[in-house]
Amino acid sequence: MSEVTADLYSSLHRRFKGDLLLPHDDAYEDARGIWNGLAARTPGLIARCSDVSDVQNAVRTASEIGILTAVRCGGHSLAGFSTCDGGMVIDLSRMRRVMVDADARRAQIAGGCLLGSVDTATQKAGLVFPSGVVSHTGASGLILGGGTGWLTRRFGLSCDNVEGFTLVTADSSVVRANSTENMDLFWALRGGGGNFGVVTEFEVKLHPLTSVVLAEGLASEVNIRPLLRRWREVMCDAPHDLKWNINLRIAPRTKNVPRELRGRTVASTSLIWTGDSDAGRPHLERALSACNPETVSTKILPFLTLQTMADSDFPHGRRYYTKSGYFTFLDDDTIEQMVEAVATIPSPETQIELAYLGGAAAQVAADETAFGDRSAPFVITLLANWSDASADGDNISWVRVLFNKLRPAMKPGVYVNFMSGDEQDRVPEAYQERWDRMVEVKSRWDPNNLFRLNQNIPPRKPVASTL
Ligand SMILES: Cc1cc2nc3c(=O)[nH]c(=O)nc-3n(C[C@H](O)[C@H](O)[C@H](O)COP(=O)(O)OP(=O)(O)OC[C@H]3O[C@@H](n4cnc5c(N)ncnc54)[C@H](O)[C@@H]3O)c2cc1C
């Protein structure tokens, strides 16, 4: 054990009620794991907090000792920010309470919740909180960065549905941020990620919804270009009830894929309709008409089934690398470059993910939250997904090369939750004209940058005293 870890342990262990896990402890190896195997690290100590006072103790001690500190909710940071080598992980996985007030359509979500725990609790009251598409993702990291998913167009981003935060700030105080208290923090926490403290509770708005219509299909390579052109036209004035995502990929060699498509470039298209199913039918039929008829299906799905249907596509421990950006318009050259690039994908699990925001998310003004500008609705995410460490170079390079080709047509900006760990130079791009305000808030609440394992906003350096 290093000297600094020994100091940390001895300062913490008498008053800490949760688990303090050291590398020789039986539970350490499991607790060490995060979702992205590419970013695996070996922390000196994992402080698994049982309540807010444990979080305060961990933050106070980290600050006094000056140890590198990561904060973990679901461990799904694509960049691997929720772990570190040698330092401390503040692990919130024991803090997973969700309290629902069905009459008020409100919930309190504890800082360690996964999306699945939120969905299960809210659905008992026939309500939803708009979040992401994989139930084993952590709610905290997702909400603090923004939070997009199947319901974004209908109800807005996750952060748009937060009415209040309770957090432990760098000086270990418990602070509330909402529309009347600490308004600077309230603004910055809606999109600013983990820069400002450890959020122990979110107060959120809920909406009534228990099922959706799901329509899916696969388009063969010759149909991808017309499909994407239709998508870009349809979505610009589509009803908020419609969410339409398209993934470009190599079709898996599985029984449910027609023989002639297996191993070939395809567009996998998924649509969700959240309104009256009869009203949705023409939109779904039109969208699916470019797909191979054998692959097309439409069904009504319980909300919880929708929220877990992609869980097994993104298993823990594989290696992932990503780059993302926005387009105001998807031009024909961009479409061509993407379709051509699929043929060179090094791993069959890798995808080019295309989503269209707009809807309720676009009705929030750019300066209202730190998340910012929502005017470029096309979101592209290149997500490489492979298992063998010896293939790291090929997979990472495929993403970088394609991203550089597509970059000139993109609108500057990036969603912080879809960034990798090597993109610190793009953090100002994520916040653009909001950057100075973010630095201001960071400098006030975390002047020594204790919370720096994130898409980091460095605080201003203190002005040297002239006395
Ligand atoms: C399989 C998968 C599916 C995804 N799907 C979506 C999606 O549909 N929509 C979407 O918007 N994003 C999605 N993402 C991206 C996701 O939003 C981010 O990876 C997010 O950081 C995950 O949150 P987490 O709590 O699991 O992260 P963690 O790895 O636990 O934490 C990431 C960072 O968040 C901060 N953080 C976490 N908890 C707290 C807290 N309580 N207080 C303060 N800071 C905290 C810390 O800075 C930490 O480093 C997905 C990611 C994965 C891996």
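Values as computed for the structure displayed
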item: Failed item in (1) away from the ligand (no atom under 13 Å from the Cβ); (2) among the aromatic types (F, W, Y); (3) assigned to a loop (DSSP other than H, G, I, E, B), with Y9 passing the rest; result: (3)
item: Selection within segment 88-111 - within 16 Å of the ligand (Cβ to nearest atom) and either farther than 23 Å from Q307 by Cα or not small (G, A, S) (or both); result: M88, V89, I90, D91, L92, R94, M95, R96, R97, V98, Q108, I109
item: Residue in segment 419-442 that is part of a helix (DSSP H, G or I), under 20 Å from the mean Cα position of the chain (by Cα) and within 12 Å of the ligand (Cβ to nearest atom) present; result: no
item: Breaking point among (1) out of contact with any Leu (no Cβ under 6 Å at 6 or more places or on another chain); (2) within 12 Å of the ligand (Cβ to nearest atom), for G74; result: (1)
item: Check on W244, in a helix (DSSP H, G or I) and under 19 Å from the mean Cα position of the chain (by Cα); result: no
item: Any hit, segment 46-54, residues being within 18 Å of N456 (Cα to Cα) and either in a helix (DSSP H, G or I) or within 10 Å of the ligand (Cβ to nearest atom) (or both); result: no
item: Where R229 falls short, out of the listed (1) under 27 Å from F371 (Cβ atoms); (2) touching a residue at least 24 places away in the same chain (Cβ under 8 Å); (3) outside any strand (DSSP E or B); result: (1)
item: Matching residues, segment 399-415, being basic (K, R) and under 20 Å from L248 (Cα atoms); result: R400, K405, R407
item: Single match in F165, F155 (criterion: more than 16 Å from the chain's Cα centre (by Cα), at pLDDT 95 or above and under 27 Å from H283 (Cβ atoms)); result: F155
item: Residues (of a type in the set (S, T, Y) and in a loop (DSSP other than H, G, I, E, B)) located in segment 59-82; result: S77, S82
item: Qualifying residues in segment 95-111 (those that are in a loop (DSSP other than H, G, I, E, B) and in contact with an Asp or Glu (Cβ under 8 Å, 6 or more places away or on another chain)) - the one surrounded by the fewest Cβ atoms within 10 Å (Cβ to Cβ); result: M95
item: Pairs with Cβ under 7 Å, 6+ apart, first in segment 60-83 and at positive phi, second near the ligand (Cβ under 8 Å from one of its atoms) and at pLDDT 95 or above; result: G75/I34; G75/W35; G75/S82; G75/G138; G80/I34; G80/N36
item: Scope segment 143-158; condition in a helix (DSSP H, G or I), within 15 Å of V118 (Cβ to Cβ) and near the ligand (Cβ under 7 Å from one of its atoms); matching residues; result: L144
item: Residue pairs meeting the criteria (Cβ under 8 Å; at least 6 apart or on separate chains; first closer than 12 Å to E203 by Cβ, in segment 161-172; second of a type in the set (D, E) and within 12 Å of the ligand (Cβ to nearest atom)); result: F165/E201; T166/E201
item: So A366, is it in a loop (DSSP other than H, G, I, E, B) and in contact with a Gly (Cβ under 6 Å, 6 or more places away or on another chain); result: yes
item: Residue match in segment 342-354 (condition: closer than 21 Å to L151 by Cα, touching a His at 6+ places or on another chain (Cβ under 6 Å) and either loosely packed, with under 13 Cβ neighbours inside 10 Å or at pLDDT 95 or above (or both)); result: no
item: Every residue from segment 443-455 that is over 16 Å from the mean Cα position of the chain (by Cα) and within 15 Å of the ligand (Cβ to nearest atom); result: W445, D446, N449, L450, F451, R452
item: Inter-residue pairs, beta-carbon under 7 Å, first closer than 19 Å to L354 by Cβ and among the aliphatic types (A, V, I, L, M) and in segment 131-154, second in a loop (DSSP other than H, G, I, E, B) and within 6 Å of the ligand (Cβ to nearest atom), 6+ apart; result: V133/G149; V134/F314
item: Residues that are assigned to a helix (DSSP H, G or I) and within 9 Å of the ligand (Cβ to nearest atom), drawn from segment 112-142; result: L115, A139, S140, G141, L142
item: Boolean, D85 is within 15 Å of the ligand (Cβ to nearest atom) and either at pLDDT 95 or above or not in a loop (DSSP other than H, G, I, E, B) (or both); result: yes
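Residues checked against (1) over 23 Å from the mean Cα position of the chain (by Cα); (2) outside any loop (DSSP other than H, G, I, E, B); (3) basic (K, R):
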{"site": "M1", "(1), (2), (3)": "yes, no, no"}
{"site": "D26", "(1), (2), (3)": "yes, no, no"}
{"site": "D30", "(1), (2), (3)": "no, yes, no"}
{"site": "N57", "(1), (2), (3)": "yes, yes, no"}
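The values are calculated or read from the model by the stated rules, or taken from the named source; none is laboratory data. Owing to the predicted nature of the structure, the values given are computational and were not obtained by experimental measurement. Cβ sites come from the backbone with ideal geometry, for glycine too, and all protein chains shown count toward neighbours.
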